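Visitor: There's a structure below that I have some questions on.
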Amino acid sequence: MNAAQLTGQGFGKVILLGEHSVVYGRPALAAGLARGCTARAAVAESDSLSVEPWGVTVHAAREESDADRELLRRGFLALCERCRPERPGLAVSANMEIPGGAGLGGSAALSVAVIRAMDDALGTPRSDEDALAASLAWERVFHGNPSGIDSAMALGGGLQLYSRGQTGPSLQPVRASRGLHLVIGNSAEHGSTKAMVASVAWQHAQDSAKAEQIFDAIAALVLDAKSALEAGDHVRLGELMNANQTWLDALRLSTERLDRMCGLAREAGALGAKLTGGGGGGCMIALARDAAATESIVRALSDAGYQAFGVEVRA
Ligand code: PMV
């Protein structure tokens, strides 16, 4: 078999409720997307990573002057250092199927695809636990203090209740009684998860009691949302998403565009709408009653000039 043909895959995700508070140990609900990133690796003289459609190539051993490229190189270097010490160089080509910096877990999906492709090329499979640890090493380069939710979702997808846990991450599959019709809308503003996580940390340092109260309030919404999913009560789920958006706004994570998009989605019939992921730009999600409602919401957002598409999350 030709090693260059083998591929690795990482999934994107949307956080239904609980972003940011998940960094502080509270639970979050996330749904895996069918798309994310694919990668393949081939033996080469030295380690390199090319990412399409970004048109970027970095070499593990060659420092970059551009800050974003240098971050990508350092993330890749963190993965290379976790591979077998005695091994040939690997040229990895990755193809991103979701936008980066959009709150869809693109960077974790890229890391998991690269890890899997490198392991495939070397014929050395790795446990999920070790792949998660490697992806977290990469995420730490980009985000400083990742909760691990993106990496965990990039590995397995599904509908999950995630929490960071004292002794390690915990993923609990959620048994939804029916599938979800979601709309993802992209504000086209670049959201920096790292900057947003740092902003929440700053607010926490200023007034930790207030921040902790907000995180507790969000945690209660998350647990209610899990019950609503299990009961198939999407009206309730939508209300809880709206309430979560109000708290995210209180943490200054939303933007005018994201607020406008949530408003448009609700006017078009969405049961609930909120930003998803890091915020400060990036994507929002809206919960539709059914497939026909998905189309109306997508149309309302597209007519207003935003890129939007529907996704179905299976029960
Ligand atoms: O922006 P994304 O897709 O990387 O999502 C980040 C989710 C946060 O809760 C904001 C950060 C984290 O590490 O959990």
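The values are calculated or read from the model by the stated rules, or taken from the named source; none is laboratory data. Please read these numbers as outputs of a predicted model, since none were measured by experiment. Note that each Cβ is placed from the backbone with ideal geometry, even for glycine, and that neighbours are counted across all protein chains shown.
Visitor: Quick check: anything in the stretch 261-275 of a type in the set (A, V, I, L, M), without any contact (Cβ under 8 Å) to a residue 60 or more places away in the chain and surrounded by fewer than 17 Cβ atoms within 10 Å (Cβ to Cβ)?
Guide: No; the residues of the stretch 261-275 include none that is of a type in the set (A, V, I, L, M), without any contact (Cβ under 8 Å) to a residue 60 or more places away in the chain and surrounded by fewer than 17 Cβ atoms within 10 Å (Cβ to Cβ).
Visitor: Which of the residues belonging to the stretch 265-286 are touching a strand residue (DSSP E or B) at 6+ places or on another chain (Cβ under 8 Å), closer than 18 Å to G12 by Cβ and not polar (S, T, N, Q)?
Guide: Correct list: K274, L275, G277, G282, C283, M284, I285, A286.
Visitor: Suppose the filter is more than 10 Å from the ligand (Cβ to nearest atom), at pLDDT 95 or above and either surrounded by 20 or more Cβ atoms within 10 Å (Cβ to Cβ) or not β-branched (V, I, T) (or both); does Q160 pass it? Spell out how you get there, then give the answer.
Guide: Working: more than 10 Å from the ligand (Cβ to nearest atom): yes; at pLDDT 95 or above: yes; either surrounded by 20 or more Cβ atoms within 10 Å (Cβ to Cβ) or not β-branched (V, I, T) (or both): yes.
The answer is yes for Q160.
Visitor: Identify, by number, the condition in (1) surrounded by 19 or more Cβ atoms within 10 Å (Cβ to Cβ); (2) free of Cβ contacts under 8 Å to residues at least 24 places away in the same chain; (3) more than 22 Å from T193 (Cα to Cα) that L72 doesn't meet.
Guide: (3)
Visitor: Identify, from the list P99, P53, the residue that is away from the ligand (no atom under 11 Å from the Cβ) and within 21 Å of the chain's Cα centre (by Cα). Give the derivation first.
Guide: On the way: P99 fails: away from the ligand (no atom under 11 Å from the Cβ).
That would be P53, the only listed residue that is away from the ligand (no atom under 11 Å from the Cβ) and within 21 Å of the chain's Cα centre (by Cα).
Visitor: Let me ask another. If V174 meets every condition in (1) touching a Lys or Arg at 6+ places or on another chain (Cβ under 7 Å); (2) within 13 Å of the ligand (Cβ to nearest atom) apart from one, which number is that one?
Guide: Here V174 clears every test but (2).
Visitor: Consider the stretch 1-35. How many of its residues are at pLDDT below 95 and in a helix (DSSP H, G or I)?
Guide: Residues meeting the conditions: 3.
Visitor: Now for a separate question. Give the residue that is modelled with the lowest pLDDT, with candidates limited to residues of the stretch 142-157 that are more than 13 Å from the ligand (Cβ to nearest atom) and either at negative phi or surrounded by fewer than 20 Cβ atoms within 10 Å (Cβ to Cβ) (or both). I'd like the intermediate steps shown before the answer.
Guide: First pass over the stretch 142-157, keeping only residues more than 13 Å from the ligand (Cβ to nearest atom): 155-157.
If we keep only those that are either at negative phi or surrounded by fewer than 20 Cβ atoms within 10 Å (Cβ to Cβ) (or both) too, we end up with 155-156.
Values: L155: 95, G156: 89.
That would be G156.
Visitor: Please verify whether I218 is within 15 Å of the ligand (Cβ to nearest atom), in contact (Cβ under 8 Å) with a residue 60 or more places away in the chain, of a type in the set (A, V, I, L, M, F, W, C) and within 21 Å of G12 (Cα to Cα), treating the condition exactly as stated.
Guide: On the way: within 15 Å of the ligand (Cβ to nearest atom): yes; in contact (Cβ under 8 Å) with a residue 60 or more places away in the chain: yes; of a type in the set (A, V, I, L, M, F, W, C): yes; within 21 Å of G12 (Cα to Cα): no.
Criteria not met by I218.
Visitor: Within the stretch 75-87, is there a residue that is charged (D, E, K, R), surrounded by 15 or more Cβ atoms within 10 Å (Cβ to Cβ) and within 27 Å of S192 (Cα to Cα)? So that I can check it myself, show each step before the final result.
Guide: Looking only at the stretch 75-87, we keep the residues that are charged (D, E, K, R), and these are 81-82, 84, 86-87.
Add one more test, that the residue is surrounded by 15 or more Cβ atoms within 10 Å (Cβ to Cβ), and what stays is 82.
Applying the additional criterion that residues be within 27 Å of S192 (Cα to Cα) yields 82.
Yes, the stretch 75-87 contains a residue that is charged (D, E, K, R), surrounded by 15 or more Cβ atoms within 10 Å (Cβ to Cβ) and within 27 Å of S192 (Cα to Cα).
Visitor: Among the candidates A34, A44, A28, single out the residue that is away from the ligand (no atom under 16 Å from the Cβ), touching a residue at least 40 places away in the same chain (Cβ under 8 Å), small (G, A, S) and closer than 29 Å to L275 by Cα.
Guide: Values: A44 fails: closer than 29 Å to L275 by Cα; A28 fails: away from the ligand (no atom under 16 Å from the Cβ).
The match here is A34.
Visitor: Something else about it: Regarding L72, is this residue closer than 13 Å to Q9 by Cβ and within 16 Å of the ligand (Cβ to nearest atom)? I'd like the intermediate steps shown before the answer.
Guide: Values: closer than 13 Å to Q9 by Cβ: no; within 16 Å of the ligand (Cβ to nearest atom): yes.
No: the conditions fail for L72.
Visitor: Ok, one more. Could you tell me whether T294 is within 16 Å of the ligand (Cβ to nearest atom) and either touching a strand residue (DSSP E or B) at 6+ places or on another chain (Cβ under 9 Å) or in contact (Cβ under 8 Å) with a residue 12 or more places away in the chain (or both)? Outline the logic, then answer.
Guide: Details: within 16 Å of the ligand (Cβ to nearest atom): no; either touching a strand residue (DSSP E or B) at 6+ places or on another chain (Cβ under 9 Å) or in contact (Cβ under 8 Å) with a residue 12 or more places away in the chain (or both): yes.
No.
Visitor: Moving on. Can you work out which of the residues in the stretch 178-206 that are among the hydroxyl-bearing types (S, T, Y) and at pLDDT 95 or above is nearest to the ligand (Cβ to nearest atom)?
Guide: First, the residues of the stretch 178-206 that are among the hydroxyl-bearing types (S, T, Y): 187, 192-193, 199.
When the remaining residues are screened for being at pLDDT 95 or above, the result is 187, 199.
On the way: S187: 13, S199: 10 Å.
Going through the qualifying residues, I end up with S199.
Visitor: Can you find, within the stretch 47-65, the residue that is surrounded by the fewest Cβ atoms within 10 Å (Cβ to Cβ) among those that are in contact (Cβ under 8 Å) with a residue 40 or more places away in the chain and under 23 Å from E97 (Cβ atoms)? Full working, then the answer.
Guide: First, pick out the residues of the stretch 47-65 that are in contact (Cβ under 8 Å) with a residue 40 or more places away in the chain: 47-54.
Next cut, under 23 Å from E97 (Cβ atoms) only: 48-54.
Numbers: S48: 21, L49: 27, S50: 15, V51: 22, E52: 11, P53: 9, W54: 15.
So, considering only residues that are in contact (Cβ under 8 Å) with a residue 40 or more places away in the chain and under 23 Å from E97 (Cβ atoms), the one surrounded by the fewest Cβ atoms within 10 Å (Cβ to Cβ) is P53.
Visitor: Turning to a different aspect of this structure: Name the single residue that is surrounded by the most Cβ atoms within 10 Å (Cβ to Cβ) among those in the stretch 129-138 being within 13 Å of S111 (Cα to Cα) and out of contact with any helix residue (DSSP H, G or I) (no Cβ under 6 Å at 6 or more places or on another chain). Show your work before the answer.
Guide: First, the residues of the stretch 129-138 that are within 13 Å of S111 (Cα to Cα): 130-138.
Next cut, out of contact with any helix residue (DSSP H, G or I) (no Cβ under 6 Å at 6 or more places or on another chain) only: 130, 133.
Values: D130: 13, A133: 16.
Top of the filtered list is A133.
Visitor: Can you tell me which of (1) touching a residue at least 12 places away in the same chain (Cβ under 8 Å); (2) surrounded by fewer than 17 Cβ atoms within 10 Å (Cβ to Cβ); (3) in a helix (DSSP H, G or I) is the one E312 doesn't meet?
Guide: Answer for E312: the failing condition is (3).
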